[in-house]
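The values are calculated or read from the model by the stated rules, or taken from the named source; none is laboratory data. It should be emphasised that the depicted structure is a prediction, and the values quoted were computed from it without experimental measurement. So basically every Cβ, Gly included, is an ideal-geometry build from the backbone, and we count neighbours across all protein chains shown.
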Amino acid sequence: MSHIPADLKFNASHEWVRVNADGSVTVGITDHAQEALGDVVFVELPAVGRVLASGDAAGVVESVKAASDVYSPLDGEVLEINAALESAPESVNTDPYGAAWFFRLQPSNPAQLEAMLSAEAYAQEIGE
């Protein structure tokens, strides 16, 4: 069974969002997603300054089983990436909600957060 933190927002494509004190958001993939992927061996992250629309492919996660796009959950500009994932992609498997965040985004439309799934709704989405 996947761990699903109650303080995060989720989308059906298995990305999570943590709202930061400055209004930016931190984005990563869920425990459920990393379990489905298996051992992560490579992560491609978006460029800092890139403007994304909700649903845009923002990066890629490759595992021994498959490669999967990581989608932007909101419209906004990439403020920062987690460069540590480039040398330690396996941290996605061990700490998906902590050290293995993917990027920080400055939302251009914060109201989009309201359309994201709560932890409870995401659990139902993935059948838990």
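Conditions tested, residue by residue: (1) surrounded by fewer than 22 Cβ atoms within 10 Å (Cβ to Cβ); (2) over 10 Å from the mean Cα position of the chain (by Cα); (3) in a strand (DSSP E or B); (4) of a type in the set (D, E, K, R).
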site: H3; (1), (2), (3), (4): yes, yes, no, no
site: A21; (1), (2), (3), (4): yes, yes, no, no
site: V27; (1), (2), (3), (4): no, no, yes, no
site: E35; (1), (2), (3), (4): yes, yes, no, yes
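For region 38-51, the count of residues that are touching a strand residue (DSSP E or B) at 6+ places or on another chain (Cβ under 9 Å), closer than 13 Å to H14 by Cα and surrounded by 14 or more Cβ atoms within 10 Å (Cβ to Cβ) is zero.
Within region 76-90, the set of residues being surrounded by fewer than 19 Cβ atoms within 10 Å (Cβ to Cβ), closer than 27 Å to D22 by Cα and modelled with pLDDT of 95 or more comprises E77, L79, E80, A83, A84.
Pairs linking a residue in region 72-99 that is within 15 Å of V25 (Cα to Cα) and touching a residue at least 24 places away in the same chain (Cβ under 8 Å) to a residue that is surrounded by 14 or more Cβ atoms within 10 Å (Cβ to Cβ) and β-branched (V, I, T), with Cβ atoms under 6 Å and 6 or more positions apart or on different chains, are P73/V17; E77/V51. V64 - would you say it is β-branched (V, I, T) and either buried (at least 16 other Cβ atoms within 10 Å of the Cβ) or within 15 Å of N11 (Cβ to Cβ) (or both)? Answer is no for this residue.
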